[in-house]
Amino acid sequence: MAEIAELKKIATQVRRDILRQVHGCASGHPGGSLGCADFFTALYFEIMDHDPSFNMKAAGEDVFFLSNGHISPVWYSTLARAGYFPIAELATFRKLNSRVQGHPATHEGLPGIRVASGSLGQGLSVAIGMAIAKKLDGDDKLVFALTGDGELQEGQIWEAVMFAPHNKIDNLIVTVDLNGRQIDGDTKDVLSLGDIEGKWRTFGWEVLNIQDGNDMEEIVKVLHQAKSMSGQGKPIVILMRTEMGYPIDFMVGTHKWHGAAPNDAQLENALGQLEETLGDY
Amino acid sequence: MLQDYISSGSKATRDGFGEALYEVGAQNENVMALCADLVASLKMQKFIDHFPTRFVQTGIAEANMIGIAAGLATAGKIPYTGTFANFSTGRVYDQIRQSVAYSHKNVKICASHAGLTLGEDGATHQILEDIGMMRMVPGMTVINPCDFNQTKAATKAIAEYYGPVYLRFGRPNWPNIMSDTKFEIGKAVIMNEGTDVTIIATGHLVWNALEAARNLEAKGISVYLINIHTIKPLDEEAILDAVSKTKCVVTCEEHQINGGLGDAVANVLARNFPSPQEYVAVKDSFGESGNPMDLLIKYGLGTADVEAAALKVLERKG
């Protein structure tokens with residue numbers, strides 16, 4: 001097991017990568033990316049059994065699908081830091097002739113991406129398809145997926161949420177990034193999610209909670225717990241409360257940084273709050 | 001030659017799909033079937049009886065079905081999704097676009113009850129825009145076979161091809177005229193080589209075009225008849241070969257005049273060999289309830305309409 005301190009170091013570097021990616025092209029989604037940096041780091045450096053040499057079919061390995069594709073910077077950085085592709089390639093984010101597209105895509109052949117996402121609501125269904133295939137093939141590895149909380153407003157999500165328990169898709173661990181914010185404002189104002197835990201539970205899911213999705217220790221603990229609960233007839237969902245923009249002081253507490261890039265001064269300020277732990281690209 | 005095409009009886013194209021789905025399932029254990037609560041309509045029961053673990057019932061949730069298919073394909077499976085053409089395309093356009101086509105997944109979108117010949121259920125279910133939508137999607141192969149045998153052959157052929165496919169077929173019993181073994185994706189079937197007018201037809205309207213061609217030949221008009229089961233990629237060579245001889249063309253489809261086979265052919269001709277063209281297609285309207293044959297006649301897709309279009313385009317050619 002990786003030391004928590006080591007994971008934190010990686011997550012800090014991932015955050016620097018996120019800010020530098022979106023600054024480099026003056027576009028992208030830093031808020032949700034920063035909030036999920038700890039989760040991605042835990043997943044790829046502690047939880048999942050995966051192979052950075054990358055095989056599309058993912059036979060014999062754990063696999064992850066990002067449904068809320070707009071937080072691509074955090075995924076790209078994590079994949080690059082985990083060895084899927086050269087770290088230097090992050091500098092091409094959202095630029096012409098790059099494999100590092102605005103939203104995750106397979107089209108340019110970026111290792112680590114297995115399906116395009118960005119148009120919201122689709123990733124959970126794709127993850128279920130992969131989970132069914134693993135069961136058919138006798139592959140006991142797990143399928144992980146992340147959705148946003150605003151994304152739960154999409155109807156297709158609930159088609160998938162209804163399907164998985166009925167079909168006992170118990171090799172699937174879905175995490176919902178409950179940061180409470182979306183482009184137009186707070187989720188509770190735009191379209192309230194109501195009793196989110198009750199919704200998943202009554203659909204038939206095992207529900208786990210991460211009270212602080214920016215606490216590496218808690219993330220790792222709950223993800224391990226989720227793994228231990230797999231294979232018992234029910235799909236598992238983790239409701240993970242994160243802070244959009246964490247830990248940059250001027251980015252937290254607002255939805256303003258959902259889809260806006262920092263300018264030069266803001267980048268300098270933000271990077272000053274994050275130690276360069278593994279070396280910038 | 002026209003006289004080679006004799007109906008061996010009427011059978012539904014969807015029955016050809018169901019038979020072939022079972023056969024490809026027996027031959028290839030990666031083939032899977034998914035359905036959104038229309039198993040009987042899609043004739044999937046034989047596949048389900050023999051390969052129950054390779055069947056996924058999604059309930060009335062087509063978007064989820066397309067997404068699951070994309071996930072299965074990612075893992076190396078060959079999923080065939082089944083529902084009505086309306087719910088296979090317009091309802092799930094974005095899922096097809098992002099999770100399937102842009103992601104280049106080997107998903108076979110199999111769509112029954114296309115067009116007016118769905119009949120009595122009426123316009124809510126009679127999709128006439130699906131060929132247009134699907135041929136707009138980059139990398140999508142679009143196939144619209146004409147009868148039981150050709151649907152059966154197409155259903156088998158797409159298992160051997162890697163990539164997203166839209167396979168469109170229908171509800172009613174229809175004259176069965178083609179061989180069930182020969183099928184090459186993207187290769188038009190030349191049913192008759194004539195010199196006066198080219199008729200290019202797809203789907204059920206191949207039969208109407210064949211009858212029209214016989215009537216025209218009886219009047220001394222020589223017809224170059226093409227059965228174009230694959231609308232994308234389009235067999236441009238076959239079309240240009242034919243139209244360079246006849247200098248005019250009629251296109252026939254159970255689809256809107258906008259965006260379908262006719263426009264695909266017009267595109268080829270405009271770029272290579274501009275020629276007079278008449279469309280036998282639905283003229284920018286929705287359908288309605290009625291029996292299939294009455295609907296085809298009311299909406300201008302009958303045998304007489306094909307004949308009239310041929311005579312009109314001959315006149316325009318001068």
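A compact table of results
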{"quantity": "Per-residue mean of C-beta atoms belonging to partner chains within 10 Å, peptide A:110-116", "calculated": "4"}
{"quantity": "Principal semi-axes in Å for region B:8-175 [√(5λ), Cα gyration tensor, largest first]", "calculated": "21, 19, 15"}
{"quantity": "Residue among B:Ala159, B:Ala40, B:Ile109 farthest towards the positive dipole end of region B:8-175, charges placed on Cβ", "calculated": "B:Ala159"}
{"quantity": "Carbon and sulfur %, accessible surface of region A:4-271 computed with the full protein complex present, 1.4 Å", "calculated": "49"}
{"quantity": "Where A meets B: accessible area buried, both sides, 1.4 Å probe, Å²", "calculated": "2100"}
{"quantity": "Mean separation of Cα contacts under 8 Å (6+ apart) over length of region A:4-271, as relative contact order %", "calculated": "25"}
{"quantity": "Viscosity 0.890 mPa s, 25 °C: Kirkwood-radius Stokes-Einstein D of region B:96-218 over Cα pairs, µm²/s", "calculated": "156"}
{"quantity": "Reach of B:Lys182 by Cα under 30 Å, taken over lysines that are not fewer than 8 positions away in the same chain", "calculated": "B:Lys11, B:Lys43, B:Lys46, B:Lys77, B:Lys105, B:Lys108, B:Lys152, B:Lys156, B:Lys232, B:Lys245, B:Lys247"}
{"quantity": "Ranked packing of B:203-216, A:52-65, most packed first, by mean Cβ within 10 Å", "calculated": "B:203-216, A:52-65"}
{"quantity": "In Hz, Karplus ³J(HN,Hα) per residue of region B:247-262 (6.51, -1.76, 1.60; θ = phi - 60°; x = Gly, Pro)", "calculated": "6, 7, 8, 10, 10, 10, 7, 8, 6, 4, 5, 8, x, x, 4, x"}
{"quantity": "DSSP-loop trypsin sites (Lys or Arg not before Pro) across region B:245-283, with at most 13 other Cβ within 10 angstrom", "calculated": "B:Lys283"}
{"quantity": "Computed helical MRE - 222 nm, chain B, DSSP H runs ≥ 4 contributing -39500 (n - 2.57), nearest 500", "calculated": "-11000 deg cm²/dmol"}
{"quantity": "Shape of the protein assembly as shown, Cα gyration tensor, a/c cut at 1.5", "calculated": "prolate"}
{"quantity": "Pairs of lysines in chain A (C-alpha under 20 Å apart; 8 or more residues apart or interchain)", "calculated": "22"}
{"quantity": "Packing-based order for A:139-145, A:250-256, using average beta carbon neighbours within 10 Å, highest first", "calculated": "A:139-145, A:250-256"}
{"quantity": "Euclidean distance between Cα centres, region B:240-304 to region A:185-200, Å", "calculated": "50"}
{"quantity": "Chain B, relative contact order [Cα under 8 Å, separation at least 6], %", "calculated": "18"}
{"quantity": "Distance between region A:76-143 and region B:48-121 - C-alpha centres, whole angstrom", "calculated": "22"}
{"quantity": "Average partner coverage of B:71-84, which counts Cβ from other chains inside 10 Å", "calculated": "6"}
{"quantity": "For region B:189-317, the spread of Cα positions along each principal axis, largest first, Å", "calculated": "40, 33, 26"}
{"quantity": "On Cα atoms only, tilt of B:148-157 relative to the major axis of chain B in degrees", "calculated": "60"}
{"quantity": "Crossing angle, helix B:62-74 versus chain B [Cα axis fit, 0-90 degrees, rounded to tens]", "calculated": "80"}
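The values are calculated or read from the model by the stated rules, or taken from the named source; none is laboratory data. For clarity, every value in this text was computed on a predicted model and none was experimentally measured. All Cβ positions, even for glycine, are placed from backbone atoms using ideal geometry, and neighbour counts span all protein chains on display. The area values use the complete protein model at the heavy-atom level, side chains included, leaving out ligands, DNA and RNA. Shrake-Rupley method; radii C 1.70, N 1.55, O 1.52, S 1.80 Å.
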